[in-house]
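Asker: Could you have a look at this structure, given as structure tokens, before my questions?
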Amino acid sequence: MKVLLADDHRLMLDGIRRALEQDGGFEIVGETQNGAQVLPLVGQTSPDLVVLDVRMPNMDGLQCLEEIRRRHPKVKVVMLSASTTPDLIEEALRRGASAYVLKTVDPNDLPSTLRQVIGGTVFSTVGASEASTPSGAKAAGLTDREVAILTELASGKSNDEIAKELWVTQQTVKFHLTNVYRKLGAKNRADAVRQAYQLGLIQRPLGDD
């Protein structure tokens with residue numbers, strides 16, 4: 001997969017490149033810290049995917065996103081940001097971002113996220129702050145997305161309903177559930193929910209014994 005990286009912080013660029021190079025399934029075809037260079041680089045390198053910071057000098061990331069989608073509709077764009085502002089996330093998705101990845105994401109999760117983007121999966125956000133993840137989830141190795149899906153599962157929602165609630169595809173829900181079952185050693189949905197309650201990952205409804 002050919003990837004173009006654009007972020008105004010050199011440390012962030014280096015971290016992303018290192019994570020993708022260690023995975024071995026990606027070719028970094030270009031890097032820039034300047035928003036004005038993004039579109040010319042896309043034209044020169046023909047990437048499959050652009051990882052683009054929301055805040056870029058000389059040309060705003062959202063403006064870059066819109067121009068990429070207009071001029072190069074086959075190129076997918078993942079927006080990268082430290083901001084969890086709902087309006088910003090919604091605006092990025094409205095302008096055509098395939099995913100909105102928070103800079104708190106575990107670098108080891110980035111390659112799989114980018115593969116899912118290329119496969120057509122759309123996320124609203126990836127990599128929520130660790131502070132929002134219960135300590136039991138960290139102990140079990142669960143990500144914030146997996147905890148969110150477990151929470152919806154406990155409320156009795158189907159895969160289709162969970163997908164609509166979290167703005168992901170059913171395929172993504174199944175992917176995360178498979179990981180949840182493996183990490184918890186659960187046999188099925190009911191077993192996963194039972195263990196989630198025991199670990200304190202989710203709260204039982206009031207009045208539920």
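The values are calculated or read from the model by the stated rules, or taken from the named source; none is laboratory data. Just so it is clear, the structure is predicted and the values come from calculations on it, not from any experiment. Cβ: placed from backbone, ideal geometry, glycine included. Neighbour counts: every protein chain shown.
Asker: Quick one: would you say V50 is in the same structural domain as P107 (by TED's automatic domain parsing) and part of a strand (DSSP E or B)? Break it down into steps so the answer makes sense when it comes.
Answerer: Values: in the same structural domain as P107 (by TED's automatic domain parsing): yes; part of a strand (DSSP E or B): yes.
Spelling it out, V50 is indeed in the same structural domain as P107 (by TED's automatic domain parsing) and part of a strand (DSSP E or B).
Asker: Does T172 qualify as being surrounded by fewer than 19 Cβ atoms within 10 Å (Cβ to Cβ), of a type in the set (S, T, N, Q), at pLDDT 75 or above and assigned to a helix (DSSP H, G or I)?
Answerer: In short, no.
Asker: Taking the range 70-90, which residues are part of a helix (DSSP H, G or I) and surrounded by 17 or more Cβ atoms within 10 Å (Cβ to Cβ)?
Answerer: I89
Asker: What is the residue count in the range 91-114 for residues that are basic (K, R) and either in the same structural domain as W167 (by TED's automatic domain parsing) or outside any helix (DSSP H, G or I) (or both)? Let's see the steps before the verdict.
Answerer: Initially, the range 91-114 is screened for residues basic (K, R), giving 94-95, 103.
So of that shortlist, the ones also either in the same structural domain as W167 (by TED's automatic domain parsing) or outside any helix (DSSP H, G or I) (or both) come out as 95, 103.
So the answer is 2.
Yes or no, residue by residue, for (1) modelled with pLDDT under 90; (2) not hydrophobic (A, V, I, L, M, F, W, C):
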site: C64; (1), (2): no, no
site: P86; (1), (2): yes, yes
site: E90; (1), (2): yes, yes
site: T104; (1), (2): yes, yes
site: P111; (1), (2): yes, yes
site: V117; (1), (2): yes, no
site: K138; (1), (2): yes, yes
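Asker: I'd like the residue in the range 176-201 that is in contact (Cβ under 8 Å) with a residue 12 or more places away in the chain and more than 13 Å from L142 (Cα to Cα) and, out of all such residues, is surrounded by the most Cβ atoms within 10 Å (Cβ to Cβ).
Answerer: Applying the first criterion (in contact (Cβ under 8 Å) with a residue 12 or more places away in the chain) to the range 176-201 yields 176-177, 179-180, 183-184, 189, 192-193, 196-197, 199-201.
From what's left, more than 13 Å from L142 (Cα to Cα): 189, 193, 197.
On the way: R189: 17, V193: 21, Y197: 14.
Selected residue: V193.
Yes/no matrix, rows are residues, columns are (1) closer than 22 Å to V168 by Cβ; (2) touching a residue at least 24 places away in the same chain (Cβ under 8 Å):
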{"position": "Q22", "(1), (2)": "no, no"}
{"position": "E31", "(1), (2)": "no, yes"}
{"position": "N34", "(1), (2)": "no, yes"}
{"position": "N58", "(1), (2)": "no, yes"}
{"position": "E66", "(1), (2)": "no, yes"}
{"position": "V78", "(1), (2)": "yes, yes"}
{"position": "A92", "(1), (2)": "yes, yes"}
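Asker: Taking the range 16-36 on its own, how many of its residues are surrounded by fewer than 18 Cβ atoms within 10 Å (Cβ to Cβ) and assigned to a helix (DSSP H, G or I)?
Answerer: Residues flagged as surrounded by fewer than 18 Cβ atoms within 10 Å (Cβ to Cβ) and assigned to a helix (DSSP H, G or I) within the range 16-36 amount to 6.
Asker: Also, quick follow-up: Given G207, G200, which one is farther than 17 Å from R145 by Cα and either modelled with pLDDT of 80 or more or more than 23 Å from the chain's Cα centre (by Cα) (or both)? Spell out the reasoning first.
Answerer: Details: G200 fails: farther than 17 Å from R145 by Cα.
Of the residues listed, the single one that is farther than 17 Å from R145 by Cα and either modelled with pLDDT of 80 or more or more than 23 Å from the chain's Cα centre (by Cα) (or both) is G207.
Asker: Determine which single condition A19 fails, assuming it passes every other condition in (1) hydrophobic (A, V, I, L, M, F, W, C); (2) touching a strand residue (DSSP E or B) at 6+ places or on another chain (Cβ under 7 Å); (3) under 23 Å from G119 (Cβ atoms); (4) at pLDDT below 95.
Answerer: Unmet condition: (2).
Asker: Filtering the range 53-69 down to residues that are of a type in the set (A, V, I, L, M) and outside any loop (DSSP other than H, G, I, E, B), which residue is surrounded by the most Cβ atoms within 10 Å (Cβ to Cβ)?
Answerer: Restricting attention to the range 53-69, the residues satisfying the condition of being of a type in the set (A, V, I, L, M) are 54, 56, 59, 62, 65, 68.
Still in the running and outside any loop (DSSP other than H, G, I, E, B): 62, 65, 68.
On the way: L62: 20, L65: 22, I68: 24.
Per the criteria, the residue is I68.
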